[in-house]
Amino acid sequence: GEVAGFDLAASNIQRGRDHALPSYTAARKNFRLLVPRNFYELGQVLQSPQDARDVEKCYGRRSIHNLDAWPIALMEKKVPGSMVGPLFFSAIRDQFTRLRDGDRFHYLNLDFPCAVKSKYRRLKRVME
């Protein structure tokens, strides 16, 4: 038969399960974020309490600790000044910090003379 389309969201959820990504609550715990203990508390973290009720309908009344991280993180209230919620914000910040700290040639990791450092002030403002 004909292929009607490709469900990228379903593929991302399944990929997360295949690669043993932690649950939503475990991921929040790993980044030292507030971990919701029930769907009511989840509603305080998501963009609206209705989102938490919708999640509960989709996942059933199973433990809140069985939620897939990727779709639920997409539903979080955005960190001010960003396009993502606290979980993705923390993950992205952690990854870029590790990239910077692991790069011995990163401009912040080198001991440049003062004249060279002054040229990087503008870049530093953008990066931080």
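Any read-out appearing in this document is the output of simple, stated calculations on the displayed coordinates, not a laboratory observation. Computed from a predicted model, the values in this text were never measured in an experiment. Every residue, glycine as well, gets a Cβ built from its backbone with ideal geometry; the counts of neighbours run over all protein chains shown.
Here is how the numbers come out for the structure above:
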{"item": "Label zone at Gln14, where the point sits 7 Å out along the Cα-to-Cβ direction: the stretch 54-68 residues whose backbone N lies under 18 Å", "result": "68"}
{"item": "Those GluC sites (Glu not before Pro) in the stretch 1-67 that DSSP places in a loop and that have at most 14 other beta carbons within 10 Å", "result": "Glu2"}
{"item": "Amide N of the stretch 1-24 lying under 16 Å from the label point, which is placed 7 angstrom from the Cα of Asn66 along Cα→Cβ", "result": "17, 23-24"}
{"item": "Spatially proximal aspartates and glutamates relative to Lys77 (Cα-Cα < 16 Å; intrachain offsets below 8 disregarded)", "result": "Glu41, Asp51, Asp54"}
{"item": "Förster-model FRET efficiency, 30 Å R0, Ala91 and Glu2, C-beta, rounded to 0.05", "result": "0.20"}
